[in-house]
1. Ratio of the range 1-107's C-alpha Rg to 2.2 N^0.38 Å, to two decimals?
2. Could you go through the range 59-71 in sequence order and give the Karplus-derived ³J(HN,Hα) for each residue, using 6.51 cos²θ - 1.76 cosθ + 1.60 with θ = phi - 60°, rounded to whole Hz, and x for Gly and Pro?
3. In whole Hz and in residue order, list the ³J(HN,Hα) couplings for the range 106-112 that follow from phi through the Karplus curve 6.51 cos²θ - 1.76 cosθ + 1.60, θ = phi - 60°; x for Gly and Pro.
4. Search the structure for amide H atoms under 5 Å from the amide H of A33, placed 1.01 Å from N in the peptide plane, and list their residues when 5 or more places away or on another chain.
5. If you average the sequence gap of Cα pairs under 8 Å that are 6 or more apart and divide by the length of the range 1-122, what percent do you get for the contact order?
6. Can you pull the percent of the range 1-101's accessible area that's carbon plus sulfur, 1.4 Å probe, other chains left in place?
7. Ranked highest first by average number of other Cβ atoms within 10 Å, how do 75-84, 91-100 line up?
8. Residue by residue through the range 29-46, which ³J(HN,Hα) values in whole Hz follow from phi under the Karplus form 6.51 cos²θ - 1.76 cosθ + 1.60 (θ = phi - 60°), with glycine and proline marked x?
Amino acid sequence: EASLGFTSGETVAVVNVGATASTISIIVEGMPAYGRDLSSGGHSYTEALARSFSVAPEEAERIKRGQQPAPDPALFERTMLQVSEAIAAEVHRSLDFFLGSVAEAAPARIVLAGGCALVPSLRRPRPRAGCRRQSLAPLGQSTTRPLRLPPRRRRGRRRVRRRRWRLLLERRRRLHRQ
């Protein structure tokens, strides 16, 4: 948060548009206040391109990624913009729900993250009034450090489980005797 310039009293909406789903997280003063999962993501672009060009999903994926030229560039742009506007409409509905039920203040910033944050047409729809928009490249701001996990304590857990199991069996025996 500090590396991205978030201030402590700021309300921020983070929209993570992934491959299969999107997640909206609204952070108020550094704490998550609202979250919602959406079923649209990168696959929505692929499916729409496959329908528009009447091609297989694998070929539509290559067209989407720019690995293969689109048969009709104008249709490609229209299709990508339609899907982007549908995703943006879902995000705006979620923000409206948040503002109507939970929020005291509107988000000062909308941060677009995830693999589809790089789709130009997704960044094109206008943000809400009073909101600044910021895009994050996937893993662009991250630093890599080795993750150190504490050593596993299997023996202790097994002992606890065995002890619990023994107590349970003893209780059942007592109840059965009575």
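The values are calculated or read from the model by the stated rules, or taken from the named source; none is laboratory data. Values in this document were obtained by computation on a predicted structure and should not be read as measured data. Don't worry about glycine lacking a Cβ; one is built from the backbone with ideal geometry, like all the others, and counts go over all protein chains shown. Just the protein is used for accessible areas: all its heavy atoms, side chains included, with ligands, DNA and RNA removed. Shrake-Rupley method; radii C 1.70, N 1.55, O 1.52, S 1.80 Å.
1. With N residues counted in the range 1-107, Rg over 2.2 N^0.38 Å equals 1.31.
2. Values, residue by residue: 5, 4, 5, 5, 5, 4, 7, x, 7, 9, x, 6, x Hz.
3. Values, residue by residue: 6, x, 7, 8, 10, 9, 9 Hz.
4. Here I26, I27, V28 satisfy the definition.
5. 32 percent.
6. Carbon and sulfur: 53 percent of the exposed surface of the range 1-101.
7. 75-84, 91-100
8. So the Karplus estimates, Gly and Pro as x, are 6, x, 10, x, 10, 7, x, 8, 9, 10, 7, 9, x, x, 5, 5, 5, 4 Hz.
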